[in-house]
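The values are calculated or read from the model by the stated rules, or taken from the named source; none is laboratory data. Keep in mind the model is a prediction, meaning the values are calculated, not measured. Virtual Cβ from ideal backbone geometry, glycine too; neighbours counted across all protein chains shown. Surface accessibility is based on the protein's heavy atoms, side chains included, excluding ligands, DNA and RNA. Shrake-Rupley method; radii C 1.70, N 1.55, O 1.52, S 1.80 Å.
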Amino acid sequence: MQKQSMWSRWNSWNHQQASIWSLILLSMVSLSFFLSDWLISIVTFADITLGFVLATLIVIGAFKVKTTQVKWIGLPLAIILINNGYQFFTNYSFNIRLGIASFIKIAFYLVVITSLFNYIKERSFEKKFLLILNWAALILGVIGIYITIALYSDGQLPYRFFWEFTRYDIYSYFFESNPAIIRTRSLFSEPAHFGYFLNLVLAFNLFSRIKFEKQWLFNFLLTLIIFSTFSYSMIGIMGLYFGMKITKKIIDKEMKWHSSYWVLIIGLVVLTVVFWEFIEVTLVQRTLALFSGEDTSAQMRLIESWHYIQRNTILFGNGIGHTPVITNTFAYFQSDLGILGTVAALALTISIMKHNFALGVLFVLLNVSKGGYLGPAYWLMVLCVLVFMNHTGSEYSKHQFKIYNSSNYKVGG
């Protein structure tokens, strides 16, 4: 009875601190994005952070995976186990230790994102999560701009401690090795990785029905920060989002002029004039080179992503974790896991598109722009897309932070 009483008091205290716990947990998820490129051996700081998130969910009694979800988690894990077994007996170059380690990583990510999905959706924390992601993106932007200024200052300002666990080389921030143009990458290892996260947040602002105060200002600032990465693919994806959003508003006859738009237009014109030299080199000349055929880098990346798929490996692939670094996650699935892996990835993509076409397009574009499914960034993206793709747009108010009480708090089942 005493143990039960202690457990009841612990649960009661957790319910009272629900708002604080949610702030801590959702901030840690955002922090995981920050640290997804920081490495200690083969483990990222994001993996460690997500481990703390999972442990916290368990300790506060908020961990939950439904029976039906266990089946869906088991499906990809079964595919990997079958593939590992096949590779072990038929592929002499297959590293079974790498196969087992990769299986454990995928199992960990699946459990974490499923429990976080349930935590966010059942407590209606979608808007709170999106706000935290927006503020996290702006904080990363400030850090990134500071590092860029520090680089231009030629060592007058300290910055290397930000990159202690990631890359230092000039190729990670110079535009085509040009020291006159420094690309903002913040805490990430590449500008495109930073743009990947920023584009996610911007797309959720544009295509979920969640609205919050000064959202237009967040969108404007996120747009500027994405431009500062000078990542051609990420700027292109951002431009496509805005094109889709404007087209939808025109079709739905929701395109209404507001006087605040003048601020945006004048701001963009001024910034374009001031930074025209950078824009001309990084965007205009690059576009002309791509259309003329002088620049084949994008085409080569798309082709090389499928280079490791051979006729004799189409069915079962080369084994999980056995594909070198490429820039297309779908090609990764095919190269590592064969047809079954590709079918699973496509099924997830089609499901997202059916629920929210715009976020489905986002999912495809980001997956062909940044490869890798064995790292935390991919699974954090999956979590965020699943959280926001079905959101009904109902506005929450202060009372929703009191959703935890003895009558509606539920764990397990």
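Under a Cβ-only charge scheme (Lys and Arg +1, Asp and Glu -1), can you give me the dipole magnitude of the chain about the Cα centre, in debye to the nearest 20?
In debye, rounded to 20, the chain gives about 1720.
Percent relative contact order of segment 1-131, based on C-alpha pairs within less than 8 angstrom and at least six residues apart?
It comes to 20 percent, rounded to a whole number.
Given the rule -39500 (n - 2.57) for each run of at least 4 DSSP H residues, summed and divided by the residues of the chain, what is its mean residue ellipticity at 222 nm, to the nearest 500 deg cm²/dmol?
That comes out to -21500 deg cm²/dmol.
Could you put Asp47, Asp336 in order of accessible surface area, largest first, with the 1.4 Å probe and the full protein assembly present?
Result of the area sort, largest leading: Asp47, Asp336.
Provide the net charge surrounding Asn390, with neighbours chosen by a C-beta distance below 12 Å and charges set as Lys +1, Arg +1, Asp -1, Glu -1.
+2
Take the alpha carbon gyration tensor of segment 158-231, find the square roots of its eigenvalues, order them as a ≥ b ≥ c, and report rounded if a/c is under 1.5; if not, report prolate when a/b exceeds b/c, else oblate.
The shape class here is prolate.
Using DSSP loop states and a limit of at most 10 other Cβ atoms within 10 Å to flag chymotrypsin sites (Phe, Trp or Tyr not before Pro), what is the longest stretch of the chain containing no flagged site?
Longest run free of exposed loop sites: 258-413.
Once you place label points 7 Å from the Cα toward the Cβ at Glu280 and Leu224, how far apart are they in nm?
Result for the modelled spin labels: 2.3 nm.
Just Val325, Val53, Val361 to compare: in a GNM of the chain, with alpha carbon springs under 10 Å, which one fluctuates most?
Val325
Restricting to Cα atoms and excluding each atom paired with itself, what does the Kirkwood estimate give for segment 103-228 in Å?
Hydrodynamic radius (Kirkwood, Cα pairs) of segment 103-228 is 16.4 Å.
Under the definition of Cα pairs under 8 Å and six or more residues apart, what whole-number percent is the relative contact order of segment 148-194?
That works out to 29 percent.
Is segment 1-143 best put as rounded, prolate or oblate by its Cα gyration tensor, with a ≥ b ≥ c the root eigenvalues, rounded for a/c under 1.5, and otherwise prolate when a/b is larger than b/c, oblate when not?
Note, shape of segment 1-143 comes out oblate.
Using the Karplus curve 6.51 cos²θ - 1.76 cosθ + 1.60 with θ = phi - 60°, work out ³J(HN,Hα) for each residue of segment 186-197 in order, rounded to whole Hz, and write x for Gly and Pro.
Listing the rounded values in order: 6, 8, 8, 7, 9, x, 5, 5, 5, x, 4, 5 Hz.
As an exercise, use a Förster radius of 51 Å and the Cβ-Cβ distance of Trp262 and Ser8 to find the FRET efficiency, rounded to the nearest 0.05.
0.30
Please compute the length gained on full extension between Phe52 and Leu75, using 0.36 nm multiplied by the number of residues separating them and subtracting their Cα-Cα distance.
Length gained between Phe52 and Leu75: 5.7 nm.
Could you pull out every residue, at least 5 positions away or on a different chain, whose amide H is within less than 5 Å of the one on Ile181? Hs are placed 1.01 Å off N in the peptide plane, and Pro or chain starts have none.
Under 5 Å from the amide H of Ile181: Phe175.
With every protein chain left in place, what is the accessible area of Val281 in Å² (1.4 Å probe, nearest 10)?
Accessible area, nearest 10 Å²: 40 Å².
Put +1 on the Cβ of every Lys and Arg and -1 on every Asp and Glu Cβ in the chain; which of Ile58, Ile266, Phe242 then has its Cα farthest towards the positive end of the dipole?
Ile58
Got a number for carbon plus sulfur as a percent of the chain's accessible area, 1.4 Å probe?
68 percent
Just to check I understand the Karplus step: with θ = phi - 60° and J = 6.51 cos²θ - 1.76 cosθ + 1.60, what whole-Hz values come out for segment 311-325, glycine and proline as x?
These are the phi-based 3J(HN,Hα) values: 4, 7, 10, 4, 6, 10, x, 9, x, 4, x, 9, 9, x, 4 Hz.
At a Förster distance of 25 Å, what's the computed FRET efficiency of Ala107 paired with Val325, Cβ-Cβ distance as r, to 0.05?
0.65
Rounded, prolate or oblate: which fits the chain when a ≥ b ≥ c are the square roots of the eigenvalues of the alpha-carbon gyration tensor, with rounded for a/c under 1.5 and prolate only if a/b beats b/c?
It comes out oblate by the Cα gyration axes.
State to the nearest 20 debye the size of the charge dipole of segment 93-205 about its Cα centre, where the only charges are +1 on K and R beta carbons and -1 on D and E beta carbons.
For segment 93-205, the charge dipole is close to 400 debye.
Here are some pairs, Lys128/Lys249; Lys253/Lys370; Lys211/Lys253; Lys71/Lys128; which of them have Cα atoms lying more than 24 Å apart in this structure?
The pairs that break the limit, which is 24 Å between Cα atoms, are Lys128/Lys249; Lys253/Lys370; Lys71/Lys128.
Multiplying the sequence separation of Ile314 and Ala180 by 0.36 nm and subtracting their Cα-Cα distance, what value in nm do you get?
Using 0.36 nm per residue and subtracting the Cα-Cα distance, I get 43.7 nm.
Taking Cα centroids, how far is segment 1-78 from segment 87-103 in Å?
Distance between centres, Cα-based: 30 Å.
Find out how many positive minus negative residues lie around Leu98, taking Lys and Arg as positive, Asp and Glu as negative, among other residues whose Cβ is under 15 Å from that of Leu98.
Charge balance in the 15 Å sphere: +1.
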